[in-house]
Amino acid sequence: MGVEQRPTVRRRVLGTNLRRLREDLGLLLEDAAAQLSCHPAKISRIESGRSGIRPLDLKALLDLYSVVNPQERDGWLALAREGRHQRWWRMLEDQLPQDFLDLIGLEEDVSECRGFQPSVIPGLFQTEAYATAIIQGGSAGPLTDSQRIKVQVRMERQKALTRAQPAPLTTWLILGEAALRQQVGGPAVLHNQLLHLAEVALLPNVTVQVLPFTAGAVMGGPFPFMAYRFPPPSSLEVVVLENATSHAYLEDPRETAPYDHAFNHLRAAALSVLESEAFITRLASELP
């Protein structure tokens, strides 16, 4: 019997996609279990993400599910691979909430993220001074040890945009005008933040659009969200909803589909990429 583990986002994504393959063929848990000569409960644990899966077992399931394309099979094996190297954030497991660690791991594993942030510059684009002001919540004085770690982690996360392996994270974010005008940290901090945002937006894997106040009401309302997609063969999208104390992860297509519709509505209502670049640069020039 495999060791039951806390479901990570990666394992849940793998399990959900394996269940999709099985159900598309009209197969039962018992059919998959027979292929592996195991109890159906083991298949259930794999599909729920509570257990990992050995490469040999995964190959046997792919045979059963008629996945024969070598590149596609390699993609499945890569998705199942937990990674033997020590990830940089693992040393912080006792200092950061588990759902936040899940988010960091998600950004390292996915190939694409899209989202909407109406009121604050997203963490992937923040300068250190801006991130410090956000994490301090407007309070003055030196950072606490916990706050200092959070700032360091936020800066480290941004390397996903320029990493070499895997390919840089493809990012398309829509920012509300309020996010560009809120003077987090004061005018000078916001000035430098807007210039940094304009610079990051020039990366070939980054798209930034601005939703101006004049756009009026939009689908989904003023609620932020981020949608992450894994590279092929996974077709699953994970939507992350963040609040003041935690992150919620939506993986059911019935729950994530409305956010796809909302994103498409938002990008149509937002300024074009060139208009957004000019808008951001203009706002920066108005600040001391």
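For residues that are modelled with pLDDT of 90 or more and in a loop (DSSP other than H, G, I, E, B), scanning just segment 110-142, find the one that is farthest from LEU241 (Cα to Cα). Among those that are modelled with pLDDT of 90 or more and in a loop (DSSP other than H, G, I, E, B), it is THR127. Assess whether ARG229 counts as being in the same structural domain as ILE104 (by TED's automatic domain parsing), in contact (Cβ under 8 Å) with a residue 40 or more places away in the chain, out of contact with any Pro (no Cβ under 9 Å at 6 or more places or on another chain) and among the basic types (Lys, Arg). Yes; evaluated as a whole, the condition is true for this residue.
Selection of helices (runs of 4 or more DSSP H) fully inside segment 1-102 by the criterion of at least 1 residues being modelled with pLDDT under 85, surrounded by 12 or more Cβ atoms within 10 Å (Cβ to Cβ) and touching a Phe, Trp or Tyr at 6+ places or on another chain (Cβ under 9 Å) returns 9-24, 70-80. From the list ASP24, ASP57, ASP31, the one residue that fits, being more than 29 Å from VAL240 (Cβ to Cβ) and under 29 Å from the mean Cα position of the chain (by Cα), is ASP57. Based on what the data block shows, is LEU190 under 28 Å from GLN136 (Cα atoms) and part of a helix (DSSP H, G or I)? Considered against the rule, which asks whether it is under 28 Å from GLN136 (Cα atoms) and part of a helix (DSSP H, G or I), LEU190 comes out as yes.
Somewhere in segment 210-223, is a residue surrounded by 20 or more Cβ atoms within 10 Å (Cβ to Cβ) and outside any helix (DSSP H, G or I)? Checking segment 210-223: at least one residue is surrounded by 20 or more Cβ atoms within 10 Å (Cβ to Cβ) and outside any helix (DSSP H, G or I). Suppose the filter is within 30 Å of LEU21 (Cβ to Cβ) and in a loop (DSSP other than H, G, I, E, B); does PRO231 pass it? Yes. Residue under question is VAL110, and the condition is that it be in contact with a helix residue (DSSP H, G or I) (Cβ under 7 Å, 6 or more places away or on another chain), surrounded by 18 or more Cβ atoms within 10 Å (Cβ to Cβ) and among the hydrophobic types (A, V, I, L, M, F, W, C); does it hold? Here the answer is no, as VAL110 does not meet what is asked.
The values are calculated or read from the model by the stated rules, or taken from the named source; none is laboratory data. The structure presented is a predicted model; accordingly, all values stated were derived computationally and were not measured. Using ideal geometry, Cβ is built from the backbone for each residue, glycine included, and neighbour counts are taken over all protein chains shown.
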